[in-house]
Amino acid sequence: MDRISLCQPDDWHLHLRDGATLRAVLPYTTARFARAIVMPNLVPPVTTVEAAGAYRQRILAARPAGSRFEPLMTLYLTDNTSPGTIRAAAASGFIHGVKLYPAGATTHSDSGVTDLHRCEAALAAMEAVDLPLLVHGEVTHAGVDIFDREACFIDEVLGPLLDRHPRLRVVFEHITTGRAARFVAAGPSRLAATITPQHLLFNRNRLLVGGLRPHDYCLPVLKRERDRQALLEAATSGNPSFFLGTDSAPHARSSKESACGCAGCFSSASAIELYARIFADAGRLDRLEGFASHHGPDFYRLPRNTSRITLVRQAQRIPDAFALDAGDTLVPLLAGELLDWSLESP
Ligand code: DOR
Ligand code: ZN
């Protein structure tokens, strides 16, 4: 198959930032995706319906002319999020999930949740109004090895949470291990997971062997080859519990190439093409549409898109970098490398 037409995909996990960075990165997403779940980890975080509404307006204003891209907003859960805020979020019509960042787990998570038991009232409200919880699934205790933090989160937090709230819908974001893939596959249909291109393409050797590659550093960090294989199997299995979420997370080159580099891979400028390559290489291109375009809206109870895109097997070189504000640049995932799939212009 050298050409494939898909129901237009959506990105179910995306960081757009704000201001000049938002304006720089948004057109790459709108060229490919009809909608995206927009992460709320701005500084300060998006913790209120008003802030989410204002952020949504800034995203709408930054769309290229003629774009009908729809940002699906999220709220940032804190120890103090009230049930009233949850009910107002559900009633807003534009907020589609609430994001749990365990405090200290990742970029801009300092205002995150210190102990999920403090959020019981908010979680009960989410269950009652059927607003999904989106989780960054890592524990943060200093004593837990960074490669074990996702597995530990399943045992200590996610499993008990699903038991305590039997109707809560949960998206286990950017899963990185075979353990997580098996947990989701064996779980109820109210539990789903997103999978990023970097976790399908690479194992931790890519990050650490032959030199440290800061542009491949994200959180949760890349894991073992057997984990990558399990994620690939899950993504291409046709199981509706797995869907596309790039976790594209722009950071300026200067903050990535640093003594203490930021976590995040920028992939939105070639995201659907990367997934096409992954599915084609696995011999499962026929399953790309389900993963990229059907499973996400079905889980979020939104209509599938009626627009379509076409991908062709035609080489493109991923740019070395993209321009950002103030002379800084943004280095994408697989910078400078050849990619054998391209998006056909509409
Ligand atoms: O690598 C990551 N970058 N993981 C996250 O969870 C956050 C994200 C960011 O916002 O940069
Ligand atoms: Zn993210």
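The values are calculated or read from the model by the stated rules, or taken from the named source; none is laboratory data. What you see is a predicted model; the values in this text were computed from it and never measured. Note: ideal-geometry Cβ built from the backbone for every residue, glycine included; neighbour counts use all protein chains shown.
Of all the listed residues (304, 287), the sole one being assigned to a helix (DSSP H, G or I), more than 16 Å from ligand 1 (Cβ to nearest atom), among the charged types (D, E, K, R) and in contact with a helix residue (DSSP H, G or I) (Cβ under 8 Å, 6 or more places away or on another chain) is 287. Taking each residue of segment 14-35 that is of a type in the set (S, T, N, Q) and looking for partners that are within 12 Å of ligand 1 (Cβ to nearest atom) and in a strand (DSSP E or B) with beta-carbon atoms closer than 7 Å, six or more apart or interchain, yields 29/14. Residues that are within 28 Å of residue 67 (Cβ to Cβ), more than 16 Å from ligand 2 (Cβ to nearest atom) and assigned to a helix (DSSP H, G or I) do not occur anywhere in segment 237-244.
Among the residues of segment 134-151, at least one is within 16 Å of ligand 2 (Cβ to nearest atom), under 27 Å from residue 88 (Cα atoms), modelled with pLDDT of 95 or more and assigned to a loop (DSSP other than H, G, I, E, B). Of the set (1) within 13 Å of residue 16 (Cα to Cα); (2) assigned to a loop (DSSP other than H, G, I, E, B); (3) touching a strand residue (DSSP E or B) at 6+ places or on another chain (Cβ under 7 Å), all apply to residue 42 but (3). Cβ separations smaller than 6 Å between residues 6+ apart or across chains give the following pairs from segment 205-225 residues that are more than 20 Å from residue 330 (Cα to Cα) to residues that are buried (at least 20 other Cβ atoms within 10 Å of the Cβ) and polar (S, T, N, Q): 220/176; 223/176; 223/177. Considered as a group, the residues in segment 163-194 that are more than 25 Å from residue 129 (Cβ to Cβ) and out of contact with any Asp or Glu (no Cβ under 9 Å at 6 or more places or on another chain) include one that is farthest from ligand 2 (Cβ to nearest atom), and that residue is 186. Taking each residue of segment 249-271 that is within 23 Å of residue 309 (Cβ to Cβ) and looking for partners that are part of a helix (DSSP H, G or I) and among the polar types (S, T, N, Q) with beta-carbon atoms closer than 9 Å, six or more apart or interchain, yields 250/21; 250/268; 265/198; 267/198; 268/29; 269/29; 271/29. Residues that are within 16 Å of ligand 2 (Cβ to nearest atom) and within 26 Å of residue 288 (Cα to Cα) occur in segment 269-278; there is at least one. In this entry, residue 253 passes the filter for residues that are basic (Lys, Arg), closer than 19 Å to residue 198 by Cα and in contact with a strand residue (DSSP E or B) (Cβ under 8 Å, 6 or more places away or on another chain).
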